[in-house]
Each structure stands twice: as structure tokens, then as C-alpha cells.
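As C-alpha cells, the structure follows; a few thoughts come after it.
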Amino acid sequence: MTPDLSVKPDVTGFFDPDSNTISYILRDPASSACAIIDPVMDFDYAAGRIHFEQADKLIAHIREAGLCLEWLIETHVHADHLSASPYIQEHLGGRIGIGRGIVQVQETFGKVFNDGTEFQRDGSQFDHLFEDGETYSVGGMNAFTLSTPGHTPACMTHVIGDAAFIGDTLFMPDGGSARADFPGGDAGALYDSIQRILALPDETRLFMCHDYGPGGREIRWETSVAEEKAHNIHVGGGVSRDAYIETRRSRDAQLAMPKLILPSLQVNMRAGHLPEEEKSEQAYLKIPINRL
């Protein structure tokens, strides 16, 4: 499927310095319709407290601009922040969607966190599960999906006009690509997914889920297919699949786990909801010992 480059959605990024995540408000310039992509819920791990400073910024922006929220899109099950989608949905409406691969993520991590049969592993916690190649709309803009697994089985790229939201599949050219060593990750599948993104027209705008400012440069989150093909330090210049897999595995072996991976996965595989309260009317997050 080829994007319609004549459609140019308005895109506003919101950077969360605690997780180096960029959340987006995508707006149809011809209407009041919009979508949010990858919203962040703030979590103080040491205190076990959640708050919504980042999410409230998105809500305020949408209200001040008089927009109507149609979608809350998760590009994948994040391991570095908790999703704010349910909180925003309570205030603004919209449907929460993620890729169909969430079912595999739920099966894997349902076992890691020893969640019983009461935790449904069918993606039913989300309002919609996107299929590869599915089309949908934001206002009058047509959008389509590309399944891009490798970092996680649920990773999906969303293409709306000349804009593509690629999750963690790629970073800015000087940042390379996502890790593939989490349970369910696969470096070969990630390479294949990257090639699907790089097959989009060169002019396509690519929006990152994260940026870490390599070398101390200022934070950036927008690039293009042409720039990634030419300059990405992991895949630019036509790097072979075998060479990429070797580089990715070597790199991943040196990386520490994200500091919020344990709470993030438990919450995000539930569409951003906390685990069910126990008899004490208190919700708890688990820490599996020596599993990751």
C-alpha cells in the first residue's frame, strides 16, 4: 500500500524526559479530528505512585484547540513507560488500539508475571486490534498499518498521509534501531520490519517513539525514509540482514534492562490499566525474580 503524500497531517510532539518518549497528537488539518499516539503515564517507582502530568498536557492541548479525539494508538507494548491511554479516554473519549500481536505478548508475559486465568490473553482489554494492512481513518484522512515486529511481536507502524509513526523499530539515524532481546523479540524479524518502513516513499516523514540525544545533541524526533536509508548507523547504506543481526545481538548483549520494564509490561499488556485490586482493595505490581 502506498501513502498519499498529498495528505499532510499536523503533528505535535510532546517529549517526556523521564522515559525519553515522544507522544504525538496527530490532527486532520481539514477537520477537528485527532489521534494520540503513545501517551505516557508518570510513575514514581520508588514510591509506587502514579500521576498524569504528561497526559494532562495532551488533554489540555486538545481541549484548547477544540479537537475531537478519535483514536488512542499504542505502537507496541512499551517497556520503558506506562500508558496513559485509559486516563485520557476517561476525559476525552476515543478508542484504544494496538497491533494484533498483543495476544502473543500477553501469552508470554502472562506467564512471566504468573497471572492466572482471570487475565484474558485475547487482547480484549483494548478497543481494537489492528491487522497488518488494515485501513482506518482519522477525520477525513485515510490511514493504514504495517506489522513491524522484532522489537516486540505487537509492534506496528501507522501511516497517515506523508507521516509514519514507527514506534521503537527505528531511532533517529544516529541512534540506529531498537533492541530485539526481550522475550518475543527477534533481530531477523526486526531487520525485515525495518525494510518495510524503508520501502515507503523517500519523502515520508518518520516519527520516533524515543530519542536519547546521542553525543549530547538536542532531542529530535522527526526524520525521513531517505535520511534513514542513507545515514542510519545500523541499516543505512544497504547493510545485509546477516550483518545487521550480528550487530544487533552484540549490541543487545551490552544493554541493561529499562528501569521501568517490570511495571510497564504488567500495565501495558492490560491496555494501560493497573492489575485488578485484591481483597484488600489495593492493586499490586509484581517483581518476578530472575526471569528477565
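What follows is calculated from the coordinates using simple rules that are stated; it is not laboratory data. Everything numeric here is computed off the predicted structure, so don't read it as measured data. Here Cβ is always computed from backbone atoms with ideal geometry, including for glycine, and neighbour counts include all displayed protein chains.
Ellipsoid semi-axes for the stretch 135-292, based on the Cα gyration tensor and the rule √(5λ), read 29, 21, 14 Å when sorted largest first. Amide H contacts of THR21 (H built 1.01 Å from N, in plane; Pro and chain starts excluded): ASP16 sit under 5 Å, all sequence-distant by 5 or more or on other chains. The fraction of all Cα pairs in the stretch 223-292 landing in successive 10 Å bins from 0 to the largest distance is 15, 27, 24, 21, 10, 3, given as whole percents.
Computed on the chain, with alpha-carbon pairs under 8 angstrom and 6+ residues apart, the relative contact order is 18 percent.
List the chymotrypsin sites (Phe, Trp or Tyr not before Pro) within the stretch 1-110 that fall in a DSSP loop (any state other than H, G, I, E or B) and whose Cβ has at most 13 other Cβ atoms within 10 Å.
TYR45
Between ASP127 and TYR284, the simple label model (points 7 Å from Cα in the Cβ direction) yields a spacing of 3.3 nm. Note on GLU203 and ALA65: the extension gain reaches 46.9 nm, defined as 0.36 nm multiplied by sequence separation minus the Cα-Cα distance. Rounded to the nearest 0.05, the FRET efficiency derived from the C-beta distance between ASP192 and THR135 at R0 = 22 Å is 0.50.
Once fully extended, how much extra length lies between GLU53 and ARG291, figured as 0.36 nm per residue of separation less the alpha-carbon to alpha-carbon distance? Walk me through the numbers on the way to the answer.
Working: separation 238, 0.36 × 238 = 85.68 nm, distance 3.17 nm.
Here the answer is 82.5 nm.
Taking each residue as 0.36 nm, the span from SER32 to ARG251 lengthens on full extension beyond its C-alpha to C-alpha distance by 74.5 nm.
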